[in-house]
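As structure tokens, the structure follows; a few thoughts come after it.
No lab work stands behind these numbers, since they all come straight from the coordinates. Owing to the predicted nature of the structure, the values given are computational and were not obtained by experimental measurement. Positions of Cβ are backbone-derived with ideal geometry, glycine not excepted, and every protein chain shown enters the neighbour counts.
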Amino acid sequence: GVAPNDASPDEGVVEDLPLIDEKAVEQLTEGLISHYLPDLQRSKSALQELTQNQMVLLETLEQEISKFKECNSIVDINALFSEAKHYHNKLVNIRNEMMMLHDKTSKLKVSGINI
């Protein structure tokens with residue numbers, strides 16, 4: 001014949017279910033929660049702190065990046081000014097040469113007329 005031990009594994013569980021004390025389950029649940037909750041809350045606050053630090057770091061990085069951008073634009077402006085100065089000097093030299101040429105030609109004309 002079939003021995004009682006050969007019964008389906010689920011049968012014993014189903015029979016045991018009504019024996020579970022709801023109060024005990026509640027107490028076990030509360031025990032588990034009170035055991036793990038402090039760790040979870042510590043982890044949560046640590047994560048919040050980490051997130052906050054990351055936000056501060058990102059803001060600082062953005063400020064540094066904007067400073068670098070400003071520096072680059074200042075360098076560009078300086079280059080522009082030095083270039084403008086260079087071309088201004090060239091123009092001054094050209095003007096001086098033109099004045100000299102004008103003086104020479106007017107002297108030649110004067111001396112040509114005298115002849």
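Working from label points 7 Å from Cα in the Cα-to-Cβ sense, the Met98 to Asn78 distance is 3.3 nm.
Listed by chain and number, the lysines placed with their C-alpha closer than 26 angstrom to that of Lys90 are Lys104, Lys107; residues fewer than eight positions away on the same chain are left out. Estimated at 0.36 nm per residue, the fully extended path between His88 and Leu50 surpasses their Cα-Cα distance by 8.0 nm.
Scaling against 2.2 N^0.38 Å puts the C-alpha radius of gyration of segment 19-115 at 3.31.
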